[in-house]
Structures are given as C-alpha cells and as structure tokens.
1. Scan (1) closer than 20 Å to Ala243 by Cβ; (2) free of Cβ contacts under 8 Å to residues at least 60 places away in the same chain for the single condition Asn123 breaks and write down its number.
2. Do we have Ser166 as closer than 23 Å to Ser236 by Cα, at pLDDT 85 or above and not in a helix (DSSP H, G or I) here?
3. Among the residues of the stretch 70-86, which ones are under 18 Å from Gly58 (Cβ atoms) and either in contact with a Pro (Cβ under 7 Å, 6 or more places away or on another chain) or not small (Gly, Ala, Ser) (or both)?
4. Here is a list: Ile89, Ile48. Which entry is in a helix (DSSP H, G or I), more than 16 Å from Val2 (Cα to Cα) and among the β-branched types (Val, Ile, Thr)?
5. If His96 meets every condition in (1) in contact with a strand residue (DSSP E or B) (Cβ under 9 Å, 6 or more places away or on another chain); (2) under 26 Å from Glu13 (Cβ atoms) apart from one, which number is that one?
6. What are the residue pairs meeting all of these: first residue in the stretch 63-75, first residue assigned to a loop (DSSP other than H, G, I, E, B), second residue surrounded by 19 or more Cβ atoms within 10 Å (Cβ to Cβ) and among the charged types (D, E, K, R), Cβ atoms under 7 Å, and 6 or more apart or on different chains?
7. So, in the stretch 26-39, of the ones that are modelled with pLDDT of 95 or more and surrounded by fewer than 17 Cβ atoms within 10 Å (Cβ to Cβ), which residue ends up nearest to Leu107 (Cα to Cα)?
8. Where residues in the stretch 87-109 are small (Gly, Ala, Ser) and under 15 Å from Asp61 (Cβ atoms), which of them is surrounded by the fewest Cβ atoms within 10 Å (Cβ to Cβ)?
Amino acid sequence: MVGDLHGHRHLFEQELELRGFDPRRDRVFSVGDLVNRGPDSLGTLSLIEEPWFHAVLGNHDLMLLNYLGYYTSRIHSRTSYASGGGEWIKDAHARHRKQLRRLADRLASLPLAIHVESRIPFNVLHGDLVPFGSRQARLFEAEDVCVHEADRSASSRLNFRDALGSTLFSLPFKDRVVRVSDTAFRNLHLTYVGHSPVREVLVHNSYIYIDQGVCQRPPRWPESKPPTVVDHGQFSSWLHGVASAWRPAPMAAGAKSMARTSCSPAVAAASPY
C-alpha cells in the first residue's frame, strides 16, 4: 500500500528499492492523488500503465479529469486548476499532449474503490465512504456509482474528523508508531485511505489513514517525509492481533467487488487487474 504521491515518483521508487520490491511477484495498491504539488506529475501518473500498480481515483486525479473535460464537477473548478497546484499541466499540454491524453483516458477508467480478497481482505479508497451512509459496506457490491458521489467521497474527511474526536492510543508497529482509536474496527473490511495528512498512520472505524504528507516540510511537520509504504500482510496481521486483544465488533464478511464511477461515459469502470 502507498499513500498519496502527488508527483513524487522518484521518492516512491526509492522506497520500493529499500523494501526489495520485485515487480514480477509484488504489487502496489495506491490510495490515489498521483498528481499535483510535486515535481513530476506526468511521470507519476504514468505509473497507472504498470501492470503491478493498482490505483483508485483521488480528489486531485478527479480535478485533472474535470479540467480536461472528462466530466463536469460540482466541487472542483476548471478555471483555477492550472494555478492552484496543477501548474504542470501547461507544460504537459505544450510538450506531451499525446502522452497526457493517453494517460488521462487510462485515469478516467480507474475505480473509486477496490476490494481485494486475500487472507485478510481489504479495501482501497482515497477519502471515505461516510457520504454514502449505511451503503458503505454494500458499496463494494455495486456496479456503478454516480461520478458526483465519487467526487464527494474522494474529498470526504468526515470519518477522519470523527477520529480526531476519539480517544487515540499510540501503539508500536515495527519502525513506526500507529495511532489506534477506541473504535478502531467496524462492520467494514480494513480500508486504506489517503487524503487526510497524519503524522502517524491512524486507524479508526476500520479506516487506515496512510497519507503522512509526502515532502511536507516545517512548520507543519518536523521533517520532510517520503511517501508512506505499508506491507498489508504484516500490518493487517498485527492489527488483527490488536483486534483480538480488544475484542472489537466483527469485520464485514462477503464484500465481493469494487465501486465504479458512472454518470459520465468517460469515467467508466475498469477492473484493477
């Protein structure tokens, strides 16, 4: 799992090298927000052409699709995009127009959410599903969701705000500290999300926040940070040990597929594999 990249492909590749990543047998799931802010948005976006890289749509990715006319957002402005974090798009239009269009077509086919069956199943999102209310767990059985609902979900911090109002415990995991709330687990598979920058990985209501602010610098953070990379097998096994000790409510069973965006043919569904 990798947190928000925001145009920092080089730092991401450094993290993979440190972990002995092998593209022939390993795969990476991304919580989205591949573009804007960093030095290489186009190169980072091109990761979606790699067979081992599986991403969901983040709000910054949707901003790009809205700017390029793939759909009309009710949240994001087309006129301010190129001056509000998306400055790279001007150069890409001028020098790499064909590559940009090819990647944008591929980006438009990415899902809002991915569900992965494994020994400990998990979901991948960018924001949270709180705007869907009681439909959260059932969303992964849906074929389509409206692109405007996808917009709201990819920009949602409702669960994160709830987490900040909860009792949080700091627990050691390998070389990091993980903040775990007193309601860490709910009726939802473990769900990795980005969007909301955190100092430490945070777990609340089955959501796992892994955006630690790639390259954020003081005064917001004490030091700049590489993108967060988490091994799901190791982390989920550790979390289930925490869950067993705390005797939480059981996790959901049986979610089978992934949510897809519709409402615009250009933001259609695609399998992550």
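The values are calculated or read from the model by the stated rules, or taken from the named source; none is laboratory data. Note that this is a predicted model, so its numbers are computed, not measured. Heads up, the Cβs are rebuilt from the backbone with ideal geometry, glycines too, and the neighbour counts pull from every protein chain shown.
1. The single condition Asn123 does not satisfy is (2).
2. Numbers: closer than 23 Å to Ser236 by Cα: yes; at pLDDT 85 or above: yes; not in a helix (DSSP H, G or I): yes.
Answer is yes for this residue.
3. The answer is Tyr70, Tyr71, Arg74, Ile75, His76, Arg78, Tyr81.
4. Numbers: Ile48 fails: more than 16 Å from Val2 (Cα to Cα).
One residue alone meets the criteria, Ile89.
5. His96 satisfies all of (1) in contact with a strand residue (DSSP E or B) (Cβ under 9 Å, 6 or more places away or on another chain); (2) under 26 Å from Glu13 (Cβ atoms) except (1).
6. Once the first residue is assigned to a loop (DSSP other than H, G, I, E, B) and sits in the stretch 63-75, its partners that are surrounded by 19 or more Cβ atoms within 10 Å (Cβ to Cβ) and among the charged types (D, E, K, R) give Ser73/Asp151; Arg74/Asp151; Ile75/Asp151.
7. The selected residue is Arg27.
8. Ser109
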